[in-house]
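Encoded as structure tokens, the structure appears first; notes follow it.
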Amino acid sequence: MRIVRYGERGEDCVFLLGYFDAVHIGHRKLIARAKELAQSRGVSLAALTFTDAKRGAQVYVFSERVAILSSLGVDYVCAAPFDEEFKNTEGETFLDVVTRSCGVRAFVCGEDLRFGKGASCGKVCLAEYCQKRGIPAEIMPIVSIGGEKASASLAKKYLDKGDVSSLNALLGDRYFISGQVETEGRHVGRRLGFPTANLHPQEGKYPLRQGVYAVRAEVCGREYRGIANYGARPTFGDGRVVCETYLDGFSGDLYGKTLTVRFDRFLRPVMKFSSAEELRRQLERDLEKIR
């Protein structure tokens, strides 16, 4: 996956307009259609996304979005900072920049697209711009799920509830947290017989409801089921938010390695136990639920 800064030269392409905060099922339909168009024209597929948060924290941070877009067949990302200069760029100027720099042969977007200073431009502006220049523009209808518009806002509602089952249906894949496994720790889980890999959510990532979840993670080409405590560890007086994951059947050292933990379902809230032994017994019960 190539990353091209906004305004820098990229290969001729079909260009996807959007934010792709959550890369949900609506985005996936856009990507699939844009990929067909790019292949038929013999050009690359490019997508716009932001290197930082557009509206507060993000469902997926930039590096995670890039990984998802790459897996879905996007050839390169046009990465724009959502800074004051960008926010104050007029809609036509924005389209001029990406059209010239990325050699746009066609645009694809959703009908709810907003862009330009004050989000003053939308699908009508894009259609008029493209008509004047002879550039095809495919504007696709909004995708709904369960009667609600597929959106990052809906994804955040599910994250607030810890409803990862509904979240996964919205995303079209399992929600994940990716990061480097903490090398320094107290090794409490190991002493309890449940050695864990601890990840700190990346800066700017929207929080998940604190709780214990059924998860999966791939290590060395093999997928392991597991349980993850996302949040604080009140039994040991630790208030930091950590994704602490035990992988059932895994034996090895993950310290300092990059791990992606994918969430299946919510198991229970975070609890404070009277002793380490009581916690150990609860972890055994949690593990039975995923086997």
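May I ask what percent, to the nearest 5, of DSSP beta bridges between residues of the chain are antiparallel?
60 percent
Looking at the chain as a GNM with Cα springs under 10 Å, which of Arg262, Arg28, Arg41 has the largest mean-square fluctuation?
Arg41
Using Cα-Cα distances under 8 Å and only pairs 6 or more residues apart, what relative contact order does the chain have, in percent?
In percent, rounded to a whole number, it is 17.
Could you work out [θ]222 nm for the chain from helices alone, using -39500 (n - 2.57) per DSSP H run of at least four and dividing by all its residues? Round to the nearest 500 deg cm²/dmol.
Calculated from helices alone, the mean residue ellipticity at 222 nm is -9000 deg cm²/dmol.
Given Cα pairs under 8 Å that are at least 6 residues apart, what percent is the relative contact order of region 2-149?
Relative contact order for region 2-149 comes out at 30 percent.
Hey, what does the equivalent ellipsoid look like for region 174-290, semi-axes from the Cα gyration tensor as sqrt of 5 times each eigenvalue, largest first, whole Å?
Calculated on Cα positions only, the semi-axes equal 19, 16, 15 Å.
Where nothing but the Cβ of Lys and Arg (+1) and of Asp and Glu (-1) is charged, how large is the charge dipole of the chain around its Cα centre, in debye to the nearest 20?
Using Cβ point charges on Lys, Arg, Asp and Glu, the chain gives about 580 debye.
I'd like to know which of Leu95, Ala53, Ile227 lies farthest towards the positive end of the charge dipole of the chain, counting +1 on Cβ of Lys and Arg and -1 on Cβ of Asp and Glu.
Sorting the options by dipole projection puts first Ile227.
Over region 66-203, what is the relative contact order in whole percent, taking alpha-carbon pairs under 8 Å and six or more residues apart?
14 percent
Please state, to two decimals, what the Cα-based radius of gyration of region 1-88 comes to when divided by 2.2 N^0.38 Å (N = residues).
Expressed relative to 2.2 N^0.38 Å, the Cα Rg reads 1.04.
Pick out which of Glu36, Glu244, Glu84 has the largest mean-square fluctuation in a Gaussian network model of the chain, springs linking Cα atoms closer than 10 Å.
Maximum fluctuation in the GNM of the chain, among the listed residues, is at Glu84.
Taking neighbour counts of Cβ atoms within 10 Å as a proxy for exposure, in what order, fewest first, do Thr93, Thr49, Thr99 appear?
The fewest-first ordering by Cβ neighbours comes to Thr93, Thr99, Thr49.
Please check: in the Gaussian network model of the chain (C-alpha springs, under 10 Å), which one of Gly26, Gly147, Gly91 has the largest mean-square fluctuation.
Gly147
Which of rounded, prolate, oblate describes region 2-149, given a ≥ b ≥ c as roots of the alpha-carbon gyration tensor eigenvalues and a/c under 1.5 marking rounded, otherwise prolate only if a/b is larger than b/c?
rounded
Every read-out reported here was derived from the displayed coordinates using simple, explicitly stated rules and does not represent laboratory data. Keep in mind that this is a model prediction, so the values were computed, not measured. Positions of Cβ are generated from backbone atoms using ideal geometry, with glycine treated the same way; all protein chains shown enter the neighbour counts.
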